[in-house]
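See structure below.
The values are calculated or read from the model by the stated rules, or taken from the named source; none is laboratory data. What you see is a predicted model, and the numbers here were worked out from it, not measured in a lab. So basically every Cβ, Gly included, is an ideal-geometry build from the backbone, and we count neighbours across all protein chains shown.
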Amino acid sequence: MHATAHEMGIPTNCTMLFGTVETAEDRIRHLTRLREQQDRSGGFQCFVPYPFLSDRSRLPEAQLSSSSEVIRMIAVSRILLDNIPHIKAYRMNLGDHLASLCLNAGADDIDGTVAHEEIMHDAGSSTRLDTSSEELARLISSSGSRAVKRDSIYSEFRSHDTADVRSVKLPILESRG
C-alpha cells in the first residue's frame, strides 16, 4: 500500500506496534524493511513507534513496555531510519512526560493538540485530550526543543510565538512509476 501511494506521489507515515509478543530481532527486521522501502521510494515522512497498551487486551503474554524501552526504541529508530525525516513520540500513547523525554532521544514530533482520540484511550491511555497549545509549547520547551505549529505534511506554517501564517503547499513526491 505504501509503495503504491509513493509511486503516485503521495507521502505516507509508517508505524510499528511493539511490546506484544515480538522479539528484538522482529523489531529490527521491521525497521529494516521500512528503511529499505524508504530507500526505494523516499515517500515516508514520519515513523511512529507505538508501545502496546495492554490494559484492555486479551493477550496475556503481552507486557507493558518500560519508559527506558520506549526511549531506546525511539533512539534506535532515529539511528536506523535516518532516511525518514521525522520520528514521532505520540503523546496520546506515551503520555506527556515520556513523549517530552523522547525529544532528547531522537524524536522530533510529539503531535499536537488533540480534540478527539479513541484508539489509544480505548486501549488504556489516560493522556488528557484538552491540552492547550500553550501547555504543549511549555512541555516541548522544557525538553530544550522549539515548539512549531505545522500541518499534517510537516510544512511549518507558524512558529508558536508568532502570529504570521504563510500559505501551505501540499508537497507531492516525484512519481517513481
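Data overview
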quantity: Looking only at segment 87-109, and only at residues there that are surrounded by fewer than 19 Cβ atoms within 10 Å (Cβ to Cβ) and among the charged types (D, E, K, R), the one that is nearest to residue 6 (Cα to Cα); calculated: 108
quantity: Identity of the residue in segment 137-147, closer than 14 Å to residue 107 by Cβ and free of Cβ contacts under 8 Å to residues at least 40 places away in the same chain, that ends up surrounded by the fewest Cβ atoms within 10 Å (Cβ to Cβ); calculated: 146
quantity: Criterion (buried (at least 16 other Cβ atoms within 10 Å of the Cβ), touching a Phe, Trp or Tyr at 6+ places or on another chain (Cβ under 8 Å), at pLDDT 90 or above and within 19 Å of residue 99 (Cβ to Cβ)) met by exactly one of 84, 71; calculated: 84
quantity: Search result, residues across segment 16-48 that are aliphatic (A, V, I, L, M) and either in contact with a Pro (Cβ under 8 Å, 6 or more places away or on another chain) or not in a helix (DSSP H, G or I) (or both); calculated: 16, 17, 21, 48
